[in-house]
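Each reported figure results from applying straightforward, stated rules to the coordinates on display, with no laboratory input. Predicted model only: the values in this text are computed from it and were never measured. Here the Cβ is made from the backbone with ideal geometry for all residues, glycine too, and neighbour counts use every protein chain on show.
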Amino acid sequence: MDQQSLQEQQLVALDPELKTIARKVWRGTLFWFVLVTTLLVGSSVFSVFRLRQAVATYAEDWVTVITDSLEQQLQITDALYRRLAMASVRVLQSKLVAFGAPNVSAMPIRVAGQWLPGLSFGSTSISSMGAVLDSVTKLTGSEASVIVKNDRQLIRVITTVRDTKSRLIT
């Protein structure tokens, strides 16, 4: 046998060993590839989870700060408007009492289809005091209404409040 055929025989004999080695190397490479890929995917998922958690915490904190600030602003606004409303009521009271003491007359008035007790200040009927309410509105910047209680109902007798067509509401 010549040298070339001997080498071929040795290669054929080595071929199963080479295949076994190649399989082991391929399996090892595949194992490391899968392991590294799994670690990368796992760390990515963990990072995304932590990021979501951080964003959610930040958003909750921000919403709490905004809510607290808004609540404080609303409390301040409420206190200011209460003071303005009470000042307007005092102005209206002083202007109405200037006509005389309030009294309920025996002569009822008709408002919004209902008969109500006639309210007057001194000898002036409340239904003729539109100019007084207008002056309160101009002075205070707030609307003015006089309301009469009839049984269990509160009924607006006179007002400066207007509807969308600029008509006085009764």
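Observations
- Counted residue by residue at 0.36 nm each, then reduced by the alpha carbon distance between them, the extension gain from ASN150 to THR67 reaches 25.7 nm.
- Rounded, prolate or oblate (a/c below 1.5 giving rounded, otherwise prolate when a/b exceeds b/c) for region 42-103 by Cα gyration tensor: prolate
- Shape category assigned to the chain from the gyration tensor of Cα positions, a/c cut at 1.5: prolate
- With the simple spin-label model, which puts each label point 7 Å out from Cα in the Cβ direction, the ARG162 to SER47 separation comes to 6.5 nm.
- When the Gaussian network model of the chain links Cα atoms closer than 10 Å, the mean-square fluctuations of PRO108, PRO117, PRO16 top out at PRO16.
- Comparing LEU139, LEU154, LEU18 in a Gaussian network model of the chain (Cα springs below 10 Å), the most mobile by mean-square fluctuation is LEU18.
- Selected from VAL55, VAL89, VAL157 as most flexible by GNM, with the chain as the system and alpha-carbon contacts under 10 Å: VAL55
- Gyration tensor verdict on region 101-170 (Cα atoms; rounded if a/c is under 1.5, prolate if a/b is larger than b/c, oblate otherwise): oblate
- With both labels modelled 7 Å from their Cα along Cα-to-Cβ, the ARG90 to GLU60 distance reads 4.7 nm.
- The radius of gyration of the Cα set in region 1-97, together with its Dmax, comes out at 41.0, 139 angstrom.
- Fully extended contour minus Cα-Cα distance, from TRP32 to LEU139, at 0.36 nm per residue: 30.0 nm
- Net charge, LEU92 excluded, C-beta distance under 13 Å - Lys, Arg +1, Asp, Glu -1: +1
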